[in-house]
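The values are calculated or read from the model by the stated rules, or taken from the named source; none is laboratory data. Everything numeric here is computed off the predicted structure, so don't read it as measured data. Please note: Cβ atoms are built from the backbone with ideal geometry, for glycine as well, and neighbour counts cover all protein chains shown.
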Amino acid sequence: MNTITRRSFLQTAIALGATAAWGKAVGTKSGISWRERRDCYPEGVASGDPDSNSVLLWTRRPPVGGSTVRKLTAEVAEDAHFSRVMATAEAPISEVSDWTCRVLVGGLKPSRIYWYRFTDSNGFGSRMGRSITAPADNDNRPVRFAFVSCQNANQGAQNAYRRMIFEDERAAEHDRLGFVLHLGDFIYEMVWYPEDRPQGIYDRRLRDIVRYQHGEKIGDCHIPTDVDDYRAIYRSYLHDPDLQDARARWPFVCMWDNHEFSWIGWQSLQDFGGVNHPRQTRKVAANQAFFEYQPARLLKPSGPSLAQFNPPKVVEAPITQFDEHGLGQEPNNLAAIHSLRGYRVLRWGRNMELIITDQRSYRSEEPTYRPEAQAFMSDDFPGFMPQEVLDILDAGKSYNNGHPPSTIRYGGKEIANFRKHQPATTILGAEQKAWFLNRLQKSKATWKIWADTVATLDMRADPQNLPAGLTNSWPGAGYAGFDASTGAGDHSTAYVERGEIYDFVRDNGITGFATIAGDRHSFWAGLAAKGLPPKPFEPVGIAFVTGSISAPGMAEAFEYILSKEHPLRPLFVGQAPHDQRPQPTMNLLLKHGVRSCLEYTKSGDLRKARALSNPDLSPHLSFVDMGGHGYAVVRVSSDSFETEFVCIPRPIERSERADGGPLLYRTRHRAALWNKGERPTLELRILDGDPRFSV
Ligand SMILES: [Fe+2]
């Protein structure tokens, strides 16, 4: 290992305040008497954010049965018997960090599998973990990884991880995963105690996974209020055996989405019932628990220490002044959101750079969550909002080159434009966006992957094509988008910001631009374009969204929340005469349009239904499954980008099978690398099963 690498490793270690170990050139047999005692390490082990010569290791060793230790020894070996130990490091643990432990190990070889374990002064050892370093920057070989999101241990089972492990163990070495990218909702901070809702939620029974010591009850659910509560929910999730095994098998790269802090959380505000509550102390607590439980290369201004978070002192103070990007200027708000920087870049060889962004800490308020936006919604059209209304609300005062209308027409009425004097929505915030565009422009990797926790692909329907008389007439001028509870609020309705990013990609001749996301609890594959017909359709990249690991999706929710008598039920969860149960016809709605949904529920003939497809509705979409769960696997090489969707049945209960239960389907989308000025294209192959409504 050359000295430049060693110097850069030490710089990283200093920046992170890491307990750092430097690998040896030749491994030696472990001299530690390690006896596995998983009960002393109830949350298992993990590794995270590998680069080509280093990786972060993690465990937690709380006081158990009167045995309290203050120090752990981490060992990293080239073999599972620890006969070639390459690095050893001692790390302090204490109750200040809830007995969690983070160690940075460097001097490792690129593209290598390593084994690691922790041992305390009694010789009580953690389970063994497996980690993998990233390839060297000039390595041209393909890279393979999984991306996941939205696991809900309160409401479902993590069978998807079991399948991922099962398949990886049986795969050829070059087909194995290098890491798992977790795009958020690693935890759900909103917890229902079983007695609060004996009937469960949708198809799910509620599990008794945590009791918040200082929680707040909102309606019939409970939310955390301090760092002890946030720690408690991480611990309860990590007791899931399938998640714990996955963390021990691969390095994870984790980014928070909303539920790591709050359901409708933005900056340090929590929105409940249309009211924004300043919650600076909770945002800091959420960041602290993330820092303690996720091994990741994050920066914090409270001082470089991997051992302790050192939270800034903040108080809940009203946030009333916002700058020209919608950023709350209240000092405690700024201190809270800057207490941990999650956005970062990781590199895997010559062909891939992962640019990870934070969609919650710096964003402006989502317009469709405002109570004033209710005036543009109707129970006749559940979830629908006119596209032209979403456009005006998103752009705010920048609409129509700075000449926004004072009123917006909806169903023959003129309604006040409550966004007329406010800036356009930003999800990234000005500072992060400048950083993001700069990284995108500078990237030398073949594929520049934007790990955006929220989706970018438009979700729209064509209610203007509904037959007369089925229901009241559509109040919009043309296409419909969706309100915040069903679809808006991600990068698919932040039209101004998305347009700015995509124009930047086009204007700078950036090729190999791919976006991967979670949050939607559904599988999507398509092309990244800022506009859809009747606007010009000009794709600049490819985009994917993964189904949830276990959190309920919209198809499941609509089976329950949409009345059986609703005239538009066939557009969402229609049932043909021969169907035993509701079907996810909303996939047809989003990809083909209302006529296809109505034809399917009438005849039950999918071929006839697709024949009525509206070609202008979704030229950007290749695939959509609003009912799918599972994970996505990406393989990037010097000339192509492939994404597999691995879809499993609704994970209501834990599967006892070694493979985690049956597979519903497996699909593969392939994009060949395009040249500057060329249009990207996607080719779909169905490898297993039948995704029926999704194509
Ligand atoms: Fe989620």
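Observations, loosely collected:
- Residue count for the stretch 327-374, restricted to those that are of a type in the set (S, T, N, Q), in contact (Cβ under 8 Å) with a residue 60 or more places away in the chain and farther than 30 Å from S111 by Cβ: 6.
- Scanning the stretch 43-70 for residues that are part of a strand (DSSP E or B) and not β-branched (V, I, T) yields a total of 8.
- Complete set of residues in the stretch 71-89 that are of a type in the set (D, E, K, R) and in a loop (DSSP other than H, G, I, E, B): E78, D79, R84
- Residue match in the stretch 609-618 (condition: buried (at least 20 other Cβ atoms within 10 Å of the Cβ), out of contact with any strand residue (DSSP E or B) (no Cβ under 6 Å at 6 or more places or on another chain) and part of a loop (DSSP other than H, G, I, E, B)): yes
- Residue match in the stretch 401-419 (condition: farther than 28 Å from P463 by Cα and touching an Asp or Glu at 6+ places or on another chain (Cβ under 8 Å)): no
- Test: residue in the stretch 157-169 that is surrounded by fewer than 15 Cβ atoms within 10 Å (Cβ to Cβ), more than 16 Å from the ligand (Cβ to nearest atom) and either among the acidic types (D, E) or more than 24 Å from the chain's Cα centre (by Cα) (or both): yes
- Verdict on G273 being free of Cβ contacts under 8 Å to residues at least 12 places away in the same chain and either surrounded by fewer than 19 Cβ atoms within 10 Å (Cβ to Cβ) or within 22 Å of T453 (Cβ to Cβ) (or both): yes
- Selection count where residues are assigned to a loop (DSSP other than H, G, I, E, B) and touching a residue at least 40 places away in the same chain (Cβ under 8 Å), scope the stretch 1-25: 6
- Qualifying positions in the stretch 90-103 - assigned to a strand (DSSP E or B) and either modelled with pLDDT of 95 or more or closer than 14 Å to V45 by Cβ (or both): A91, T100, C101, R102, V103
- Considering residues of the stretch 189-212 that are among the charged types (D, E, K, R) and assigned to a helix (DSSP H, G or I) only, the residue nearest to the ligand (Cβ to nearest atom): D196
- For the stretch 178-188, the condition of being surrounded by fewer than 16 Cβ atoms within 10 Å (Cβ to Cβ) and either part of a loop (DSSP other than H, G, I, E, B) or more than 16 Å from the ligand (Cβ to nearest atom) (or both) holds for none of the residues.
Quick grid of which residues meet (1) basic (K, R); (2) under 22 Å from Y362 (Cα atoms); (3) not in a loop (DSSP other than H, G, I, E, B):
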residue	(1), (2), (3)
P382	no, no, no
D391	no, yes, yes
D394	no, yes, yes
K397	yes, yes, yes
F418	no, yes, no
P423	no, yes, no
T426	no, yes, no
E431	no, yes, yes
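- Lone unmet requirement of (1) farther than 24 Å from I648 by Cβ; (2) within 16 Å of the ligand (Cβ to nearest atom); (3) not polar (S, T, N, Q) for V496: (2)
- Test set (1) more than 24 Å from the chain's Cα centre (by Cα); (2) closer than 24 Å to T515 by Cβ - A136 fails condition number: (2)
- Screening the stretch 511-601 for helices (runs of 4 or more DSSP H) wholly inside it with 3 or more residues that are within 27 Å of the chain's Cα centre (by Cα), within 16 Å of the ligand (Cβ to nearest atom) and under 27 Å from Y237 (Cα atoms) returns the ranges 554-561.
- Odd one out for P382, checked against (1) touching a residue at least 60 places away in the same chain (Cβ under 8 Å); (2) surrounded by fewer than 20 Cβ atoms within 10 Å (Cβ to Cβ): (2)
- Residue match in the stretch 172-186 (condition: of a type outside the set (S, T, N, Q), without any contact (Cβ under 8 Å) to a residue 12 or more places away in the chain and within 27 Å of V253 (Cα to Cα)): yes
- Of the strands (runs of 3 or more DSSP E) lying entirely inside the stretch 635-695, those containing at least 2 residues that are over 24 Å from the mean Cα position of the chain (by Cα), free of Cβ contacts under 8 Å to residues at least 24 places away in the same chain and loosely packed, with under 15 Cβ neighbours inside 10 Å span 683-689.
- Filter result for D185 (acidic (D, E), closer than 19 Å to L238 by Cβ and touching a His at 6+ places or on another chain (Cβ under 6 Å)): yes
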